[in-house]
């Protein structure tokens, strides 16, 4: 596990140990921790599943698109309208991270150039 993954593991472990609801608290108008995890799930779908693999259904319903995406004409009804319980998010994020690891382990220079 690399440094970035190790840091994220520590962050999610700390977040999981916080009092109930603390991961849903926004600080100075920024996304809360649970929204950040949801957006990372979305970003992996956008970058890897849609952008690289060309998947027809690249997104996870618990992902969180960036603000203003609906202004681009994107139908957001696929995504959960109610924030999911935080307890669900680390597993979904781990699944998406495993997909990135698998892709990076299998891609060659030509694939990266593409």
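The values are calculated or read from the model by the stated rules, or taken from the named source; none is laboratory data. If you're wondering where the values come from, they're calculated on a predicted model, not measured in any experiment. Please note: Cβ atoms are built from the backbone with ideal geometry, for glycine as well, and neighbour counts cover all protein chains shown.
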ask   = Considering 23, 41, which residue is modelled with pLDDT of 90 or more, more than 22 Å from residue 101 (Cα to Cα), part of a helix (DSSP H, G or I) and touching a helix residue (DSSP H, G or I) at 6+ places or on another chain (Cβ under 7 Å)?
value = 23
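So that you can scan it fast, the table gives a plain yes or no per residue for (1) surrounded by fewer than 10 Cβ atoms within 10 Å (Cβ to Cβ); (2) under 18 Å from residue 15 (Cβ atoms); (3) modelled with pLDDT of 85 or more:
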| residue | (1), (2), (3) |
| --- | --- |
| 59 | no, no, yes |
| 65 | no, no, yes |
| 90 | no, yes, yes |
| 93 | no, yes, yes |
| 97 | no, yes, yes |
| 102 | no, no, yes |
| 113 | yes, no, no |
inquiry  = Out of 82, 12, 36, 77, I need the residue that is in contact (Cβ under 8 Å) with a residue 40 or more places away in the chain and out of contact with any strand residue (DSSP E or B) (no Cβ under 6 Å at 6 or more places or on another chain). Which one?
reply    = 12
